[in-house]
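Everything below concerns the one structure shown next.
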Amino acid sequence: MTSKTGKVGFVGGMNFPLIHKFEAGFRAGVKHVCPKCTIISQYAGVTPEAFRNPGRGKELALSQYQQGVNVIFHASGSTGLGVFEAARQLKIRNVVWASSETVLGLPFDTPPPYVPVDEEYPARPETSYSLGKHLDEQMAAQFCRWNPQLKMIGLRFSNVMEPADYEAFPSFDADPSLRKWNLWGYIDARDGAQAVRRALELKTTGMDVFIIAAADTVMSRPNDELIAGTFPGVPLKRQVGSHETLVSIEKARRVLGYEPRHSWRD
């Protein structure tokens, strides 16, 4: 990831711990590749409405651009539509944002069509949050239709975790149903930052989406036991390892060169 000005920005939705994890991952990635870069971080608000305010998102993004920022990452729900519009208005052609694994059909009360899940089947939003993420992706596709020189990449992050969270992981084995809602997936925030960097550096145009997850599950129990006990009858699209992630990162590996470096098992 490069910044011609030495300034990068983060726009968050609601100022609370979940979005702090996205910011922490972004900061880690920036400092790894650009130690001297300045990071300008702003949030749209402190209530859930902060995820539904495109006008505020545009205002924050334009403010950051005016301060010299030339790379912005947002994790702000539909507020990010305003970030998109600010980028379009200023003719910025490299956009990467935090989409979500939820568009895959989480919490899988309706079982997935197959495992591992991937980007190849149509979005199945089951909540207002995931519907908003799906709409982000659809709007990005239309922006790219309007401007064929534009690149917009949505990263469908799994459940973001930091090293301090790993202490709780062994307890998940007691009841696999508690984590079946995302096929026992997660993403280390530091690897999330790697994915952002690789997406920004990718030379391409158009809109695309990538699942971003750790290489393994949160469970010590093997996948064959988890799948048979929780999703009987769901077909395997391909054979998987005993603890291999069931939210496939094969596309991110192939196209972005993404490779997770961190695991709770380390």
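The values are calculated or read from the model by the stated rules, or taken from the named source; none is laboratory data. These numbers were taken from a predicted model, which means no experiment stands behind them. Ideal geometry is used to build each Cβ from the backbone, glycine not excepted, and the neighbour counts take in all protein chains shown.
Only a single criterion out of (1) more than 18 Å from G154 (Cα to Cα); (2) outside any loop (DSSP other than H, G, I, E, B) is not satisfied by V96, namely (1).
Output yes when any residue across the stretch 214-221 is out of contact with any Leu (no Cβ under 8 Å at 6 or more places or on another chain), under 21 Å from Y186 (Cα atoms), modelled with pLDDT of 95 or more and of a type in the set (V, I, T), and no when none is. Looking through the stretch 214-221, at least one residue is out of contact with any Leu (no Cβ under 8 Å at 6 or more places or on another chain), under 21 Å from Y186 (Cα atoms), modelled with pLDDT of 95 or more and of a type in the set (V, I, T). Any residue at all in the stretch 67-77 that's modelled with pLDDT under 95, crowded, with 19+ Cβ neighbours inside 10 Å and in a loop (DSSP other than H, G, I, E, B)? The answer is yes, given that some residue of the stretch 67-77 is modelled with pLDDT under 95, crowded, with 19+ Cβ neighbours inside 10 Å and in a loop (DSSP other than H, G, I, E, B). Taken as a whole, the stretch 153-175 holds at least one residue that is surrounded by 17 or more Cβ atoms within 10 Å (Cβ to Cβ), within 26 Å of Q239 (Cβ to Cβ), touching a strand residue (DSSP E or B) at 6+ places or on another chain (Cβ under 6 Å) and aromatic (F, W, Y).
When the stretch 121-166 is limited to residues that are out of contact with any Phe, Trp or Tyr (no Cβ under 9 Å at 6 or more places or on another chain) and of a type in the set (D, E), the one that is nearest to T245 (Cα to Cα) turns out to be E162. Just to verify a result, which residue in the stretch 246-266, among those that are basic (K, R) and assigned to a loop (DSSP other than H, G, I, E, B), is farthest from P122 (Cα to Cα)? It comes out as R265.
For the stretch 106-130, give me each residue that is surrounded by 15 or more Cβ atoms within 10 Å (Cβ to Cβ) and outside any loop (DSSP other than H, G, I, E, B).
V115, V117, Y129, S130 - these are the residues of the stretch 106-130 that are surrounded by 15 or more Cβ atoms within 10 Å (Cβ to Cβ) and outside any loop (DSSP other than H, G, I, E, B).
If you go through the stretch 165-180 and keep only what is closer than 15 Å to G229 by Cβ and in a helix (DSSP H, G or I), you end up with F172, D173, A174, P176, S177, L178, R179, K180.
Within the stretch 47-66, how many residues turn out to be part of a helix (DSSP H, G or I) and within 20 Å of the chain's Cα centre (by Cα)?
So the count comes out to 6.
Taken over the stretch 10-46, residues that are over 21 Å from the mean Cα position of the chain (by Cα) and of a type in the set (S, T, N, Q) amount to 1.
Pairs meeting the criteria (first residue in the stretch 1-25 and without any contact (Cβ under 8 Å) to a residue 40 or more places away in the chain and farther than 17 Å from G80 by Cβ, second residue among the aromatic types (F, W, Y) and in a loop (DSSP other than H, G, I, E, B), beta carbons under 7 Å, at least 6 apart or on different chains) are lacking. Selection of the stretch 69-83 for residues being farther than 14 Å from G45 by Cα and either among the basic types (K, R) or touching an Asp or Glu at 6+ places or on another chain (Cβ under 8 Å) (or both) yields L81, G82. Report yes if A24 is among the hydrophobic types (A, V, I, L, M, F, W, C), within 22 Å of N159 (Cα to Cα) and either surrounded by fewer than 21 Cβ atoms within 10 Å (Cβ to Cβ) or in contact with a Pro (Cβ under 7 Å, 6 or more places away or on another chain) (or both), otherwise no. Considered against the rule, which asks whether it is among the hydrophobic types (A, V, I, L, M, F, W, C), within 22 Å of N159 (Cα to Cα) and either surrounded by fewer than 21 Cβ atoms within 10 Å (Cβ to Cβ) or in contact with a Pro (Cβ under 7 Å, 6 or more places away or on another chain) (or both), A24 comes out as yes. Residue count for the stretch 220-245, restricted to those that are surrounded by fewer than 22 Cβ atoms within 10 Å (Cβ to Cβ) and in a loop (DSSP other than H, G, I, E, B): 15.
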